[in-house]
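Data block below; observations after.
The values are calculated or read from the model by the stated rules, or taken from the named source; none is laboratory data. Note that the coordinates shown come from a computational prediction; the quantities given were computed from them, not determined experimentally. All Cβ positions, glycine included, derive from the backbone under ideal geometry; neighbour counts span all protein chains shown.
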Amino acid sequence: MENIETQTAINKLTDPHQWVSKYADYLYTYAVSRLNDEEIAKDLVQETFLAALERMDKFEGNSSEKTWLTAILKYKVIDVYRKRSKSFGEEIKPANDVDGEEEFFYPEAGNWKVEHWPQEMGIEEPDALISREFTEILQKCMKKLPGLWLAIFTMKHMDEEETAVICKELRVTASNFWVIIHRTKVNLRSCLQKNWI
């Protein structure tokens, strides 16, 4: 009898009729910021609501509805990352020159031409318009990344996932992870320098 009463109390905490009006915009923004694909983001939000409806009896009320729905969506986003990384199909092997990176990128070693040195991005500006323009350019640059690179970068720097979790979820080795992160940052910096600075 106690379990039925507890479940009834939890069901009162969740109101699926309100989910779209309360959480759809937030969940959509969460998904599109991680996937850079509006259509997939819309689909994932719908799939999240459907999955939540199917699992309402498993919602224990230990977190808010919003947190619970976001957790469901997060796993759906990770599934998309996995699919993209499989379609990317390239296994990244650590390059031999990664070991000598510090010496290569040390400006006084003369390996960098002055005109190609990393430049200030100007993203420290408090101006909201500049921030919005920067975000649009960053998203365009991120769309150019291979699927696996985008997945790893997003999980690491947007979701702040631990390296071990990312490697496990996306089935990459730790050394491949660090090579991909490095290459992603170099590519993003280059794209931003061409299109933002």
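In this structure, does R183 turn out to be surrounded by fewer than 17 Cβ atoms within 10 Å (Cβ to Cβ) and within 23 Å of F134 (Cα to Cα)? Against the criterion (surrounded by fewer than 17 Cβ atoms within 10 Å (Cβ to Cβ) and within 23 Å of F134 (Cα to Cα)), R183 does not qualify. Name the single residue that is nearest to the chain's Cα centre (by Cα) among those in the stretch 169-195 being among the hydrophobic types (A, V, I, L, M, F, W, C) and closer than 14 Å to K144 by Cβ. The residue in question is L188. Checking every residue in the stretch 168-177 against the condition of being among the small types (G, A, S), surrounded by 14 or more Cβ atoms within 10 Å (Cβ to Cβ), at pLDDT 85 or above and assigned by TED's automatic domain parsing to the domain that holds C191 gives zero matches. The set of residues from the stretch 142-166 being crowded, with 18+ Cβ neighbours inside 10 Å and outside any loop (DSSP other than H, G, I, E, B) comprises M142, G147, L148, W149, L150, A151, I152, F153, T154, M155, K156, I166.
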